[in-house]
């Protein structure tokens, strides 16, 4: 399986940082779906149930402020590489 993100990894990492600052106490979860869409949602709404889409998605991580875009980029790249190699689901 190949995941092609609909936005750049750097832009997505910045989006996570911005959204995490909106929810400093609970943080946000980053989900990337197989169709390439990404969802950044408050943890209370998503960790157990997923992002609420019909598309299969992978949980990339849970982020709280302060979080660094570089760490988020590493997480995204690791998961995308692993999926390309056929490992996690």
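Would the range 48-63 turn up any residue that is touching a helix residue (DSSP H, G or I) at 6+ places or on another chain (Cβ under 9 Å), surrounded by fewer than 13 Cβ atoms within 10 Å (Cβ to Cβ) and either at pLDDT below 90 or in a helix (DSSP H, G or I) (or both)? Looking through the range 48-63, at least one residue is touching a helix residue (DSSP H, G or I) at 6+ places or on another chain (Cβ under 9 Å), surrounded by fewer than 13 Cβ atoms within 10 Å (Cβ to Cβ) and either at pLDDT below 90 or in a helix (DSSP H, G or I) (or both).
I'd like the residue in the range 64-89 that is in a loop (DSSP other than H, G, I, E, B) and modelled with pLDDT of 85 or more and, out of all such residues, is surrounded by the most Cβ atoms within 10 Å (Cβ to Cβ). Within the range 64-89, the match that is surrounded by the most Cβ atoms within 10 Å (Cβ to Cβ) is 67. Taking the range 11-29 as the search range and keeping residues that are touching a helix residue (DSSP H, G or I) at 6+ places or on another chain (Cβ under 6 Å), modelled with pLDDT under 95 and surrounded by fewer than 21 Cβ atoms within 10 Å (Cβ to Cβ), which one is farthest from residue 65 (Cα to Cα)? Looking at the filtered set, the residue picked out is 26.
The values are calculated or read from the model by the stated rules, or taken from the named source; none is laboratory data. These numbers come from a predicted model, not from an experiment. Here the Cβ is made from the backbone with ideal geometry for all residues, glycine too, and neighbour counts use every protein chain on show.
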